[in-house]
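Here is the structure we will look at.
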């Protein structure tokens, strides 16, 4: 989504839910136990297949540990206000211009949307009260 107009792009961080992380943690621990039982039962019966089965077990062990660690990191990041290293990816969501959100004359967003955006900027501390009042008055003074 290479769009030169950054005003039409929202960013969203995706990550598994806490319930999904708990399920993944439990399943990874069960798979680890299953792998250990499988490995020791096969190695005990067959002396000649130790090499390939040991290689497979190392991959299995690494995958189980990685899933468990990722789930723990993800669960701990939900205590913070922002997602941490457990976020899967950041995606860009392109907003399409809807006819009801645009003015027919200038192509600007509806005044109510613009007022909400200015208010959000003030609440986030990006606009002072004076800047907020001035911009709000500009929007309300426009023909609508």
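Suppose the filter is out of contact with any strand residue (DSSP E or B) (no Cβ under 7 Å at 6 or more places or on another chain) and at pLDDT 70 or above; does residue 62 pass it?
Judged against the criteria, residue 62 is a match.
Quick check on my filter: what residues within segment 18-33 are over 18 Å from residue 76 (Cα atoms) and free of Cβ contacts under 8 Å to residues at least 12 places away in the same chain?
Hits for segment 18-33 are 30, 33.
From the residues in segment 1-35 that are modelled with pLDDT under 70 and assigned to a helix (DSSP H, G or I), which one is surrounded by the most Cβ atoms within 10 Å (Cβ to Cβ)?
Here the residue is 8.
Restrict the check to segment 48-66 and report whether at least one residue is in contact (Cβ under 8 Å) with a residue 40 or more places away in the chain, in a helix (DSSP H, G or I) and in contact with a helix residue (DSSP H, G or I) (Cβ under 9 Å, 6 or more places away or on another chain).
Within segment 48-66, none of the residues are in contact (Cβ under 8 Å) with a residue 40 or more places away in the chain, in a helix (DSSP H, G or I) and in contact with a helix residue (DSSP H, G or I) (Cβ under 9 Å, 6 or more places away or on another chain).
Filter segment 97-144 down to the residues that are in a loop (DSSP other than H, G, I, E, B) and at pLDDT below 85 and list them by number.
97, 98, 103, 104, 105, 106, 107, 108, 110, 142, 143, 144
Looking at segment 36-50, which of its residues are surrounded by fewer than 14 Cβ atoms within 10 Å (Cβ to Cβ) and within 20 Å of residue 64 (Cα to Cα)?
37, 40, 41
The values are calculated or read from the model by the stated rules, or taken from the named source; none is laboratory data. Remember, predicted model here, so these are calculated numbers, not experimental data. Positions of Cβ are generated from backbone atoms using ideal geometry, with glycine treated the same way; all protein chains shown enter the neighbour counts.
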